[in-house]
Amino acid sequence: MRLHEYQAKEIFGEAGIPVPESQLADSVDGVLDAVDEIGYPAAVKAQVHVGGRGKAGGIKIATSREEARDAAESILGMDLKGYTVDRVLVEQGVDFVDEYYVGVTMDRGAGEPVAMVSTKGGVDIEAVAEDDPEAIAQEHIDPAFGLHPYQARKVVYDAGVPAEYAREVSSILSTLYELYEANDASDIEINPVMITSDDDVIAADAVMNIDEDALFRQPDLAEMEEDSSQNDLERKAGEYGFDYVRLSGNTGIIGNGAGLVMATLDLVDYYGGTPANFLDVGGGAKADRIGNALDMVFSDENVDSVVFNIFGGITRGDEVAKGINEALEDFEEIPKPVVVRLAGTNAEEGMEILNTDLVQVEATLEDAVQRAVANAEEVAQ
């Protein structure tokens, strides 16, 4: 479960981590009331679960009431990478001179949590890890003993944090680990930790993701789940009863069975494409269910092509083919090219039934994925 920034900052603040003064607002008038109380400059920040909010127009700085009104009108109601913004965090502006990254996550390879600190804060930490991995200092933590104070100091020192800020940054890191453990977090981070012009250290952003399997023992966090809203497509997937995760690519994927869908994602990546989603329709492939799956994928503006990967076990291939035909016939115009691969029970009969005026049919998964990737590249040009 992903917490919103305002939820994570509330937890951080209660734990003693310095955070800017802020108020949550869901209307233009609410934003204006908040900035009147907080003062200027103020940041108006969309509360949605996406990275790069600033570049996408989801964060604006207001230095006057008119700018605050313009920011509120611009951000509230906008579509931000598939999320509709219905709330913003109005936050006191920070006059900063430096930015750091501080976080804790699970290193699954090592089987231990790892604390991370970098002086390259305020940017995508995944990009830093790829382009300049030595810029991120790491310290693995034995969960039986927790993060020792000397480990917190060591990783902060290894990252190159100046001595005058090292004590406060290491204190923030220690608190983050305590919150990570106490709340069954899967990862927790501040990006950036800002050094202000007054030499204060403050958490300007907050990320906290909770292990959903542990929510039964985190009742207070479980109550936040309803407010920690999904994007519009994920909400629709829940209504349809699909397992769905939106990704950042342009090749839509529909399959029956999590393993089959994951294999398809891997092949899309292998053949040079980028997956747009994980969508498992589960058992059965009647026309209405196939239609709902197509509605899901076609509703994603990033999708340029679609690949079906269906294995007929209990569900027969001919039934799947009829479902695909019926679902596509309901569309006045097929918005994106669709490639189908059928295998398993009655697959040959299903391949013959498929309407090739509506779909492109391939005999193997490799051929289907390559064609879908090529379709996506062609549409994107």
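A compact table of results
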quantity: Point-charge dipole on Cβ atoms (K/R +1, D/E -1) for the stretch 96-224, about Cα centre, debye to 20; calculated: 400
quantity: Part-to-part distance (alpha-carbon centres) for the stretch 252-316 and the stretch 160-199, which is given in Å; calculated: 40
quantity: Only Lys, Arg (+1) and Asp, Glu (-1) charged, at Cβ; the stretch 303-381 dipole about Cα centre in debye; calculated: 280
quantity: Shape of the stretch 315-380, Cα gyration tensor, a/c cut at 1.5; calculated: oblate
quantity: Option label - mean projected area of the Cα convex hull in nm² computed here, alternatives (i) 21.2; (ii) 20.0; (iii) 33.9; calculated: (i)
quantity: Dipole moment magnitude, nearest 20 debye, the chain about Cα centre, only Lys, Arg, Asp, Glu C-beta charged; calculated: 400
quantity: Likely footprinting exposure, 145, 278, 96, fewest C-beta neighbours within 10 Å first; calculated: 145, 96, 278
quantity: Of the DSSP H helices in the chain, those whose Cα atoms cover at least 27 Å axially and whose Kyte score averages -1.0 or more; calculated: 163-182
quantity: Spin-label pair residue 258/residue 124, simplified geometry with 7 Å Cα→Cβ offset, distance in nm; calculated: 2.7
quantity: Top of 131, 29, 304 by mean-square fluctuation, Gaussian network on the chain, Cα under 10 Å; calculated: 131
quantity: Centre separation in Å (Cα based) which lies between the stretch 340-379 and the stretch 78-93; calculated: 40
quantity: Over 30 Å between alpha carbons, listed pairs 120/336; 9/236; 81/154; 81/120; 9/120; 236/336; calculated: 120/336; 81/154
quantity: Helical contribution to [θ] at 222 nm, DSSP H n ≥ 4, -39,500 (n - 2.57), averaged over the chain, rounded to 500; calculated: -11500 deg cm²/dmol
quantity: Share antiparallel - DSSP beta bridges, the stretch 237-380, percent rounded to 5; calculated: 20
quantity: Shape of the stretch 237-380, Cα gyration tensor, a/c cut at 1.5; calculated: rounded
quantity: Loop-resident sites, the stretch 296-333, for GluC sites (Glu not before Pro), counting at most 12 other Cβ within 10 Å (DSSP); calculated: 301, 332, 333
quantity: The stretch 140-233 - percent relative contact order, Cα under 8 Å, separation 6 or more; calculated: 18
quantity: Gaussian network model of the chain, springs between alpha carbon atoms under 10 Å - residue of 110, 144, 204 with greatest fluctuation; calculated: 144
quantity: Charge-dipole axis of the chain as Lys and Arg at +1 and Asp and Glu at -1 on Cβ define it, positive-most pick from 185, 215, 338; calculated: 338
quantity: 5 angstrom amide H check on residue 186, placed H, neighbours 5+ away; calculated: 209, 210, 211
quantity: Local electrostatic count, residue 30, Cβ distance below 14 Å [Lys/Arg +1, Asp/Glu -1]; calculated: -4
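Computed from the coordinates by the stated procedures, all read-outs in this text should not be read as laboratory data. All of these numbers come straight from a predicted model, not from anything done at the bench. Quick reminder, even Gly has a Cβ in these numbers, built from the backbone with ideal geometry, and neighbours come from all protein chains shown.
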